[in-house]
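**Student:** One structure coming up, written as structure tokens, with questions to follow.
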Amino acid sequence: MKFAKPALAVSLALLSLAVNTAHADALADIQKSGTVRIAVPQDFAPFGSVNADLQLQGLDIDVAKLIAQKMGVKVQLVPVASANRIAYLQTHKADLVISTLGKNAEREKVIDFSQAYAPYNNSVFGVAAVKVTGPADLAGKTVGVARGTFQDLQLTDTAPKSATIKRYEDNNAMISAYVSGQVQLVGTGDFVAYALAEKAPDNKPVLKYIINESSCSVGLNKGEAALLAKVNDVLTAAKKSGELNGIVQKWLNVPLPTKMATTFQ
């Protein structure tokens, strides 16, 4: 009996090795099946949402389709929420995650990331006639934010004392304030600028300056070197051809940042 625990431990280790080996070449599995399963958002426009025809649309959807096309396989879109997108990957319900996924130290412990494919910045936007290029230019001006957001905290710290930060309960209230002309400047995520442009087509917001730079990357399981290389090859080619910039411009109304467009890892 004293050997039961060691024997059990060895059995579990061998089982774990077998499971890992079974998924050791996801790219080969994808090519064999002819389909890549990609987890995407379904309720987070403009990255992913359902249109009037009940079809998924958005920046992440277009990037997912682009990657599948360049890989020469069909795409199976797997709708996920922010809370379960990594779990879908780890339980092999999806081969890739393209769902506004940002890279950080904690996530890098459990999954791998491609090069960045889109910005996810927090910025100041406003009407074209208002000249603002940095925090100092907010002096004497009013800027709207959603209460308690990163933008609220950052502008509170960096804006001059003469600036007025008008706080709204959520992004929708802030968007309404901009559309109705209550504020000419807003501090928000780039994705909200899309909603602003849609609701105020005659007064589309102009990017003034970036408060904080962030980005979205494709997520995949660890140990999938061939799949990671393939995804990065596709993104590199799409950056060089301008295809990726076109997708970002279409959905975010901002260009692919120069640094991101020239970084291929």
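All of the numbers you see were taken from the coordinates with simple rules; none came from a lab. Worth saying up front: this structure is predicted, and the values here are computed from it rather than measured. Every residue, glycine as well, gets a Cβ built from its backbone with ideal geometry; the counts of neighbours run over all protein chains shown.
**Student:** For the peptides 113-122, 233-242, what is the packing order when you average, over each peptide's residues, the other Cβ atoms within 10 Å and list the highest mean first? Intermediate results must be reported in sequence, preceding the final value.
**Tutor:** Numbers: 113-122: 22.2, 233-242: 16.3.
Sorting 113-122, 233-242 by mean packing, highest first, produces 113-122, 233-242.
**Student:** Also: Can you tell which of Gly246, Gly189, Gly48 shows the greatest fluctuation in a Gaussian network model of the chain with Cα springs below 10 Å?
**Tutor:** Maximum fluctuation in the GNM of the chain, among the listed residues, is at Gly246.
**Student:** While we're on this one: Over the chain, what is the relative contact order in whole percent, taking alpha-carbon pairs under 8 Å and six or more residues apart? Let's see the in-between values first.
**Tutor:** On the way: 465 pairs, mean separation 63.5, N = 265.
Normalised by residue count, the contact order of the chain is 24 percent.
**Student:** Could you tell me what percent of the DSSP beta bridges with both partners in segment 122-212 are antiparallel, to the nearest 5? Can you show the working numbers first?
**Tutor:** Details: 10 of 17 bridges.
Beta bridges within segment 122-212, antiparallel portion: roughly 60 percent.
**Student:** Using the Cβ atoms and a cut-off under 12 Å, what net charge is assigned to the surroundings of Lys109, where Lys and Arg are +1 and Asp and Glu are -1? Before the final figure, lay out each step's value.
**Tutor:** Details: positive: Lys103, Arg107, Lys222; negative: Glu106, Glu108, Asp112.
Overall, the nearby charge balance is 0.
**Student:** Counting pairs of alpha carbon atoms under 8 Å apart in space and at least six apart in sequence, what relative contact order in percent does segment 149-198 give?
**Tutor:** Details: 20 pairs, mean separation 16.8, N = 50.
The normalised contact order for segment 149-198 reaches 34 percent.
**Student:** Okay, next question. Using 19 Å as the cut-off for backbone N distance, which residues of segment 136-170 belong to the label zone defined by a point 7 Å from the Cα of Lys199 along Cα→Cβ?
**Tutor:** Backbone N within reach: 142-152, 165-170.
**Student:** While we're looking at this one, here's another question. Per DSSP H run of at least 4 residues, take -39500 (n - 2.57); add these up for the chain, divide by its residues and hand me the 222 nm value, nearest 500 deg cm²/dmol.
**Tutor:** Details: 11 runs with 109 residues, N = 265.
Value at 222 nm, helices only: -12000 deg cm²/dmol.
**Student:** Sticking with this structure for a sec: Roughly what % antiparallel, to the nearest 5, for the DSSP beta bridges in the chain? Display every interim value, and only then the final one.
**Tutor:** Numbers: 21 of 37 bridges.
DSSP beta bridges in the chain are roughly 55 percent antiparallel.
**Student:** Mind jotting down the distance between the C-alpha centroids of segment 97-164 and segment 22-75, whole Å?
**Tutor:** Using only Cα atoms to place each centre, the spacing works out to 28 Å.
**Student:** Please give the net charge around Thr262, taking every other residue with its beta carbon less than 13 angstrom from that of Thr262, where Lys and Arg add +1 and Asp and Glu add -1. Please list the in-between numbers first.
**Tutor:** Details: positive: Lys239, Lys240, Lys259; negative: none.
After counting each charged neighbour, the total is +3.
**Student:** Sticking with this one: Amide H neighbours of Gln42 under 5 Å, counting only residues 5+ apart in sequence or on other chains, H built in-plane at 1.01 Å?
**Tutor:** Val80
**Student:** Is the chain rounded, prolate or oblate when judged by the Cα gyration tensor, a ≥ b ≥ c being the square roots of its eigenvalues, rounded requiring a/c under 1.5 and prolate requiring a/b larger than b/c?
**Tutor:** Working: a/c = 2.50, a/b = 1.90, b/c = 1.32.
Since a/c reaches 1.5 and a/b is larger than b/c, the shape of the chain is classed as prolate.
**Student:** Distance in nm between label sites at Thr164 and Gln31, each 7 Å beyond Cα in the beta-carbon direction?
**Tutor:** In this crude spin-label approximation the distance works out to 6.3 nm.
**Student:** Among the listed pairs Lys65/Lys240; Lys208/Lys230; Lys70/Lys239, give every one whose C-alpha distance is greater than 24 Å. Intermediate values should be presented prior to the final figure.
**Tutor:** Working: Lys65/Lys240 18 Å; Lys208/Lys230 36 Å; Lys70/Lys239 13 Å.
Among Lys65/Lys240; Lys208/Lys230; Lys70/Lys239, the Cα-Cα distance tops 24 Å for Lys208/Lys230.
**Student:** Okay, moving on. Using mean Cβ contacts within 10 Å as the protection proxy, how do 136-144, 27-35 order, highest first?
**Tutor:** On the way: 136-144: 17.9, 27-35: 14.7.
Highest to lowest by the protection proxy: 136-144, 27-35.
**Student:** Taking a threshold of 21 Å on the Cα-Cα distance, which of the pairs Lys131/Lys250; Lys141/Lys161; Lys32/Lys93; Lys93/Lys250 fall above it?
**Tutor:** Distance filter (> 21 Å) returns Lys131/Lys250; Lys93/Lys250.
**Student:** Given R₀ = 30 Å, FRET efficiency for Ala139-Lys259 by Cβ-Cβ distance, to 0.05? Intermediate values should be presented prior to the final figure.
**Tutor:** Details: r = 29 Å, r/R0 = 0.96.
The value I calculate is 0.55.
**Student:** Oh, and also: Using the Karplus curve 6.51 cos²θ - 1.76 cosθ + 1.60 with θ = phi - 60°, work out ³J(HN,Hα) for each residue of segment 248-262 in order, rounded to whole Hz, and write x for Gly and Pro.
**Tutor:** Along segment 248-262, the couplings run 5, 4, 4, 9, 10, 6, 9, x, 5, x, 3, 4, 5, 5, 10 Hz.
**Student:** Explain nothing, just compute: Karplus ³J(HN,Hα) = 6.51 cos²θ - 1.76 cosθ + 1.60, θ = phi - 60°, for every residue of segment 126-141 in order, whole Hz, x for Gly and Pro.
**Tutor:** Those phi angles translate into x, 5, 4, 6, 8, 8, 9, 10, x, x, 4, 6, 7, 4, x, 10 Hz.
**Student:** Okay, next question. Rank these for me by crowding, Val80, Val145, going from fewest to most other beta carbons within 10 Å.
**Tutor:** On the way: Val80 22, Val145 26.
Arranged by neighbour count, lowest to highest, Val80, Val145 become Val80, Val145.
**Student:** HN-Hα J couplings of segment 51-61 from phi, Karplus 6.51/-1.76/1.60, θ = phi - 60°, integer Hz, Gly and Pro as x?
**Tutor:** 8, 4, 8, 6, 9, 6, 8, x, 4, 5, 5
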